[in-house]
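The values are calculated or read from the model by the stated rules, or taken from the named source; none is laboratory data. Since the model is a prediction, treat every value here as computed from it, not as a measurement. In this analysis, Cβ positions are derived from the backbone assuming ideal geometry, glycine residues included, and neighbour counts consider all displayed protein chains.
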Amino acid sequence: MTPAEAPPAPPAPPETITDAVLARAGDPRLGLVAGEVRLTHADVVARAAQRAAWLRAGRPDGPFHVALMLDNVPEFVFWLEAAALAGAVVVGANPTHRGDELVRDLGGLHAFMGWQGPILTDSGGFQVFSLASLRKIKEEGVTFQSHIDGSTHFLSPERSMEIQRNLGSDIVMALDECPHGRLERSKLELSMARTTRWLERCRAFPLAAHQGLFAINQGGVHLDLRLGHLEEILELDRRAEFQGIAVGGLSVGEPKEEMNELLAAFVRLLPADRPRYLMGVGTPEDLLFGIEHGVDLFDCVLPTRIARTGTAVTH
């Protein structure tokens with residue numbers, strides 16, 4: 001083949017993403033398929049251009065950033081291209097992996113929140129308790145229905161540990177079965193035994209080096225059951241130490257007088273060389289009472305729940 005017969009050189013590749021998007025502006029070929037949505041490249045660029053105009057209108061002169069956290073939907077593509085057309089730097093987080101896996105891929109909760117202090121994550125035990133009409137508990141774990149969209153989910157001790165490992169928290173709570181405060185004693189004993197078995201499974205799951213596992217003590221307001229369950233926890237602790245022990249299953253329907261009587265007799269019997277954590281209890285009076293009787297750590301929805309109604313706790 002002579003030089004005169006040589007095929008034309010291919011066009012130079014686009015130098016920027018903006019150039020690449022604009023090169024598709026008149027392209028009638030299929031460019032995006034999502035379910036029943038089928039758009040040409042030209043259609044996609046047109047939608048991106050519309051969103052780029054919105055971005056430019058809402059920003060002052062100069063460079064800016066656009067952060068995207070969208071699912072696998074056409075809007076994710078439209079806004080990625082819109083950012084390029086608007087001259088923005090785009091940060092896109094597309095949850096091909098959902099929930100905890102997305103947080104893991106973004107560097108964990110510390111990076112996600114910009115917080116370098118301690119972070120505690122719960123295991124889901126209390127949340128399962130709160131969904132009593134939507135869940136079914138078996139030895140393998142809990143199957144429950146989302147109160148948001150009705151979807152079905154399964155949570156086992158291993159899955160709870162995996163989620164918390166992905167989140168990268170510092171304090172990881174074991175998955176427990178949180179019984180109602182008025183559950184009859186015989187059923188409460190069965191529930192406690194399952195919590196112990198689940199604790200063994202949580203202990204066997206490998207966590208990150210910086211993470212510490214807390215055990216959860218159950219037994220309702222029965223001091224003898226609390227002490228028996230504590231001995232089961234300490235037997236596991238002698239094999240591999242827990243970083244803390246929590247008192248769970250209180251403030252879930254029992255009279256406050258019975259809860260306080262139990263706390264006054266029980267908390268100081270927990271090991272003193274690690275945190276004693278009272279779960280789900282947090283009125284100002286509860287905090288003072290718990291501290292007086294040896295509690296180190298609390299959590300409660302109360303501050304944010306009352307804040308939503310414009311209420312704050314003062315002297």
*Is it fair to say residue 291 is of a type in the set (A, V, I, L, M, F, W, C) and within 30 Å of residue 209 (Cβ to Cβ)?*
no
*Out of 201, 182, which single residue is charged (D, E, K, R), assigned to a helix (DSSP H, G or I) and either over 15 Å from the mean Cα position of the chain (by Cα) or at pLDDT 95 or above (or both)?*
201
*Just need a number here: residues in segment 265-302 that are of a type in the set (Phe, Trp, Tyr) and surrounded by fewer than 18 Cβ atoms within 10 Å (Cβ to Cβ).*
1
_Suppose we keep only residues that are buried (at least 23 other Cβ atoms within 10 Å of the Cβ) and of a type in the set (A, V, I, L, M, F, W, C) within segment 246-258. Which one would you say is farthest from residue 121 (Cα to Cα)?_
250
_So, in segment 162-201, exactly how many residues are out of contact with any Asp or Glu (no Cβ under 7 Å at 6 or more places or on another chain) and either under 20 Å from residue 280 (Cα atoms) or surrounded by fewer than 20 Cβ atoms within 10 Å (Cβ to Cβ) (or both)?_
27
*asked:* Give me the residue from segment 88-112 that is surrounded by 15 or more Cβ atoms within 10 Å (Cβ to Cβ) and closer than 18 Å to residue 49 by Cα and, out of that set, modelled with the lowest pLDDT.
replied: 90
*Pick from segment 204-236 the residues that are in contact with an Asp or Glu (Cβ under 9 Å, 6 or more places away or on another chain) and part of a helix (DSSP H, G or I): which of them is surrounded by the fewest Cβ atoms within 10 Å (Cβ to Cβ)?*
204
*Residue identified as outside any strand (DSSP E or B), within 24 Å of residue 170 (Cβ to Cβ) and not aliphatic (A, V, I, L, M) among 78, 126*: 126
*Would you mention how many residues in segment 76-93 are of a type outside the set (A, V, I, L, M, F, W, C) and in contact with a strand residue (DSSP E or B) (Cβ under 9 Å, 6 or more places away or on another chain)?*
1
*asked:* I need the full set of residues from segment 269-292 which are within 15 Å of residue 251 (Cβ to Cβ), part of a loop (DSSP other than H, G, I, E, B) and more than 24 Å from the chain's Cα centre (by Cα), in order please.
replied: 283
